Amino acid sequence: MELKKLEEIFQHKIDNEIKIEPKDWMPEAYRKTNIRQISQHAHSEVVGMLPEGNWITRAPSLKRKAILLAKIQDEAGHGLYLYSAAETLGISRDEMIEQLHSGRAKYSSIFNYPTLTWADMGAIGWLVDGAAIINQVMLCRTSYGPYARGMVRICKEESFHQRQGFEILYVLSQGTDAQKAMCQDAINRWWWPSLMMFGPTDAESSNSEQSMLWKIKRKSNDELRQQFVDMIAEQVKVLGMTLPDADLKWNETKKHYDFGAINWNEFWNVVKGNGPCNKQRLNARIAAHQNGAWVREAAIAYAEKQKNKHKAA
Amino acid sequence: MNNLIKKYFYGDYGEIEAGSNASNNNKNIAWPLWEVFIRSKQGLDHKHVGSLHAADEQMAIENARDVYTRRNEGVSIWVVESKYITASNPEEAGELYEPAVNKIYRHPTFYKLPDEVDYM
Ligand SMILES: [Fe+2]
Ligand SMILES: [Fe+2]
């Protein structure tokens, strides 16, 4: 079949909400865009374990330790679902990991911020997972089948993450003055970076248009960000806390919250590798991978040995 | 907001845990890929849920339990190495399913029956 015809069939499927599956013909650029987006999403889930892993041993009670551990384990699973989805497009796991470690692939910049207090675990669950959920709910309807199915699975698990985060902050907000201050401080530090998670404004987002046409994305960065602001601006009232934005206020005509200007310099700075923890995060990932190498080798050697034993018997 | 671009160590990973002195022994040993099927409860079929890498079948089952059944999603797990799965070719879907498409008399709605027995 000629290329033009194949492209037509492909776009026809997209337009009619028919999912694209691994063995279907797809334009090279669609394959590449999906590989890039899914693998970077996977890297974010995996690197995202680091700021929280930092608090497992310091969580204030056994209950909180168990909850945090369960959440982080979920994130590892999310990484796995996404790596598997990307692998169906013809890239190997090793190649993706190599791209992450060499810095060629990015992960969400939010994880380059440090987790300074226990309240940060609450703020991450509520704001960071909250922002991720808004993006992921949209992606449940993305056009590539394995990605969409992975997202459905992930979304089912995410709501616990956001709820446990809010609960951490809620308990602090009912506590002593010091605890309340800690709660407010965490919100202050995580608010703006969370808004940046949705990426550059629509005017500056380079590959958005094609992604919308292919239904990889279904809502623009600004739309998703607005949805997030509207949700959090209401929820923060329940905590009796405030968001660190003097320009935040309800706009009766738009039926949305207006909010202040985002510091895009900071965003690009962190993307380029100059955030507070970029180097630590990447080094921790590389170390974990390298220090696990002997385990992977030993497991293969053991499997080989078992196989030979079966053959001999 | 500007003061966030700053190097913190307190309350976070130190240089050692961050792998500053990790050895460089990065040999790539790839574990094979497995497809995972889960029976969500007795009486239902196993259904494909995803895939994972594992060194052998035992590890594949254990990993599948850890990632795909963390919330009681299953009572039974099947794993099969992906390379043993043969799939039909989507480009030949037309010819492959054509015989079924043609035989509308295989469907109960093909038969017009009197009202009195139409519940049949
Ligand atoms: Fe996640
Ligand atoms: Fe999460």
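Data for the structure
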item: Restraint check, A:63/A:219; A:5/A:215; A:156/A:237, Cα-Cα greater than 30 Å; result: A:63/A:219
item: Gyration tensor over alpha-carbon atoms, the stretch A:189-269, equivalent ellipsoid semi-axes in Å; result: 24, 16, 11
item: Added length on full extension, which subtracts the Cα-Cα distance from 0.36 nm per residue, residue A:70 to residue A:17; result: 15.6 nm
item: Between A and B, accessible area buried - total, square angstrom, nearest 100, 1.4 angstrom probe; result: 4000
item: Unit charges at the beta carbon, dipole of the protein assembly as shown: most positive-side option, A:54, A:29, B:89; result: A:54
item: Which of A:174, A:150, A:122, positive extreme of dipole for chain A (C-beta unit charges); result: A:150
item: Heavy atoms of residue A:139 accessible to a 1.4 Å probe, total area in Å² rounded to 10; result: 0
item: Average projected area [Cα convex hull, the stretch A:171-218], square nanometres; result: 4.8
item: Sequence of A:256, B:46, A:78, B:107 when ordered by accessible area, the most exposed leading, probe 1.4 angstrom; result: B:107, A:256, B:46, A:78
item: Length released on extending from residue A:237 to residue A:98, taking residue separation times 0.36 nm less the Cα-Cα span; result: 45.6 nm
item: Cα-based shape type of the stretch B:72-120, given that a ≥ b ≥ c are square roots of the gyration tensor eigenvalues and the cut on a/c is 1.5; result: oblate
item: Between the stretch B:30-86 and the stretch A:37-100, the alpha-carbon center distance in angstrom; result: 19
item: Dipole of the stretch A:44-131 [Lys/Arg +1, Asp/Glu -1 at C-beta], most positive-end residue of A:78, A:99, A:66; result: A:66
item: Heavy atoms of residue A:47 accessible to a 1.4 Å probe, total area in Å² rounded to 10; result: 0
item: Nearest-20 debye value, the stretch A:150-246 charge dipole, Cβ charges on Lys, Arg, Asp, Glu; result: 360
item: Fraction of accessible area attributable to carbon and sulfur, chain A (%, probe 1.4 Å); result: 57
item: Solvent accessible area, Å² - residue A:176, 1.4 Å probe, full protein context; result: 80
item: Accessible-area order (highest first, 1.4 angstrom probe) of the listed residues A:69, A:50; result: A:69, A:50
item: Entries of A:13/A:217; A:19/A:217; A:106/A:255; A:23/B:103 with Cα pairs more than 23 Å apart; result: A:106/A:255; A:23/B:103
item: Loop trypsin sites (Lys or Arg not before Pro), the stretch A:227-288 (other Cβ atoms within 10 Å of the site Cβ: 14 or fewer; DSSP); result: A:254, A:255
item: Per-residue [θ]222 nm for chain A (sum of -39500 (n - 2.57) over DSSP H runs n ≥ 4, rounded to 500); result: -21000 deg cm²/dmol
item: Gyration tensor (alpha-carbon) shape descriptor, the stretch B:29-110, a/c threshold 1.5; result: oblate
item: Chain A: most fluctuating residue of A:292, A:53, A:122 per GNM, C-alpha cutoff 10 Å; result: A:292
item: Pair residue B:98, residue A:205: separation of 7 Å Cα→Cβ label points (nm); result: 4.4
item: When the convex hull of its Cα atoms is projected in every direction, mean area for the protein assembly as shown (nm²); result: 30.1
item: Residue with peak Gaussian network fluctuation, chain A [Cα springs, cutoff 10 Å], from A:76, A:284, A:85; result: A:284
item: For the stretch A:90-190, size of Cβ-based charge dipole, Lys and Arg +1, Asp and Glu -1, in debye; result: 340
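The values are calculated or read from the model by the stated rules, or taken from the named source; none is laboratory data. The model shown is predicted, which means the values in this text are computed figures rather than measured ones. Note: ideal-geometry Cβ built from the backbone for every residue, glycine included; neighbour counts use all protein chains shown. Side chains are part of the model used for accessible areas, which takes the heavy atoms of the whole protein and leaves out ligands, DNA and RNA. Shrake-Rupley method; radii C 1.70, N 1.55, O 1.52, S 1.80 Å.
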